[in-house]
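Below is one structure, written out as C-alpha cells; comments come after it.
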Amino acid sequence: MKRTQIQLDEEVYDRIRRRAFHEKRSIAGLIREIIQKEMTPSDHSPSPSIGDFKFIAAARSKQNILKPVSERHDEALKEVFQK
C-alpha cells in the first residue's frame with residue numbers, strides 16, 4: 001500500500017467524515033473504497049474505440065491561437081473535449 005496526501009474542500013471533507021462516522025470506519029478506508037469503486041472497470045462501460053479518438057489525424061491541422069500545437073497539445077485537447 002502506498003501513502004498519499006490529498007486536499008479536500010471543507011464541504012467534501014465534512015460529508016466524508018460524517019459518512020465514515022455513521023459507517024463506523026476510518027476516513028482513509030472510506031476514501032480507498034470510493035476510489036476503488038470509481039477506478040474498477042464496469043461491465044457496463046464501453047471499451048474505447050477508434051471513434052473515441054476522432055481528433056487524431058495524420059494531416060495538417062489548423063494551428064490558430066494554439067500555434068505550435070506540437071508544444072501546446074494539452075490546450076488543444078482541452079479545446080476539443082469542451083466542444
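FYI, it's all coordinate maths here, none of it is from the lab. As the structure is a computational prediction, the values presented were derived from the model and not from experiment. Cβ coordinates were reconstructed from backbone atoms using ideal geometry, including for glycine residues, and neighbour counts include every protein chain displayed.
In the range 19-37, how many residues are of a type outside the set (D, E, K, R) and under 15 Å from Gln5 (Cα atoms)?
Qualifying residue count for the region: 6.
If a residue must be closer than 30 Å to Val80 by Cβ and surrounded by 10 or more Cβ atoms within 10 Å (Cβ to Cβ), how many such residues does the range 26-52 contain?
The number of residues fulfilling the criteria is 3.
Sort out which residues of the range 6-25 are surrounded by 11 or more Cβ atoms within 10 Å (Cβ to Cβ) and either in contact with a helix residue (DSSP H, G or I) (Cβ under 8 Å, 6 or more places away or on another chain) or outside any helix (DSSP H, G or I) (or both), and write them in order of number.
Listed by number, the residues that qualify are Leu8, Ile16, Arg17, Arg19, Ala20, Glu23, Arg25.
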